[in-house]
Every structure is written in structure tokens, then in C-alpha cells.
Amino acid sequence: MPWTVVDDADAIEPEDVIRFDHAGRTYAVYRSADDAYFATDGLCTHEQVHLADGLVMGHVIECPKHNGRFDYRTGEPRRAPVRKALRTYPTKVEDGRILVDIPD
Ligand code: FES
């Protein structure tokens, strides 16, 4: 699948996350404090909870349900109860818009 437009780059505040739904799947798209953008699957790997409702702390997303944590740059678990990594997706900013590379 080609690069897919998520939203305007300013639609996400620094150190925040938004939910992005596309083609029947859900993603979480992050903006770090230094204005880098990242994307992961949108649902926690522990239970099916939207991570965009969680809390961003540095490069970590904390799940709103049981406070499990992931590094959103790599998807790696950072605190129990999460054990399985999130899938991550390449992002870029072009013409003031965030794009994510979603594979077929
Ligand atoms: S649902 Fe995310 S930590 Fe349990």
C-alpha cells in the first residue's frame, strides 16, 4: 500500500498521540517532543484497548487500561502486563502532512 495521509502535522501536539483508522484497521500516531513522528498498531497487545487514549511520556505510551507501557519508536514492551511488542510503521512529513507506510 502506498504512503497514506494521516492528518496535518500540527494535528498532533508534541508528546501526544492520535488514533488513525484506515481500511478497517486502527493505528496510533505519535509526535515526540522533538517533532519526530511515529506510528504503531492502535490496540494494546495485552487486551484490545486503544492506545491513543493513553498517556505519552517521553518515547513511551502508557496503556489506559492496566498501565502497561511500550516504547512507541520500536514497539517494545516497557512495563508489565504487556509482553508482546507492537508493530511499528514508517512515517514521514511532506507538505505539512503526516504520512504512514501501511503494508498490504
Ligand atoms: S490492555 Fe493494555 S495493559 Fe492491559
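Values quoted throughout were computed directly from the atomic coordinates according to the rules given, and no laboratory measurement underlies them. Small disclaimer: the values here were computed from a predicted structure and weren't measured. As a convention, Cβ positions derive from the backbone with ideal geometry for all residues, glycine included, and neighbour counts pool all protein chains shown.
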Q. Of the residues Gly42, Gly58, Gly96, which is closer than 16 Å to Glu15 by Cα and not acidic (Asp, Glu)?
A. Gly58
Q: Please go through segment 31-50 and pick out each residue that is away from the ligand (no atom under 16 Å from the Cβ) and assigned to a strand (DSSP E or B).
A: Arg31, Tyr37, Phe38, Ala39
Q | Only one of Asp104, Asp95, Asp53 that is away from the ligand (no atom under 16 Å from the Cβ), on the phi < 0 side of the Ramachandran plot and surrounded by fewer than 18 Cβ atoms within 10 Å (Cβ to Cβ) | A | Asp104
Q) Just one of the numbered conditions (1) part of a loop (DSSP other than H, G, I, E, B); (2) in contact with a helix residue (DSSP H, G or I) (Cβ under 9 Å, 6 or more places away or on another chain) is not true of Val93; which one? A) (1)
Q) What pairs can you find where one residue is in segment 57-77 and on the phi > 0 side of the Ramachandran plot and free of Cβ contacts under 8 Å to residues at least 40 places away in the same chain, the other is within 14 Å of the ligand (Cβ to nearest atom) and among the small types (Gly, Ala, Ser), and their Cβ atoms are less than 8 Å apart, with a gap of 6+ or different chains? A) Gly75/Ala85
Q | Tally, over segment 56-79, of residues that are in a loop (DSSP other than H, G, I, E, B) and more than 8 Å from the ligand (Cβ to nearest atom) | A | 7
Q.
Within segment 62-84, does at least one residue satisfy the condition of being in contact with a helix residue (DSSP H, G or I) (Cβ under 9 Å, 6 or more places away or on another chain), surrounded by 15 or more Cβ atoms within 10 Å (Cβ to Cβ) and aliphatic (A, V, I, L, M)?
A. no
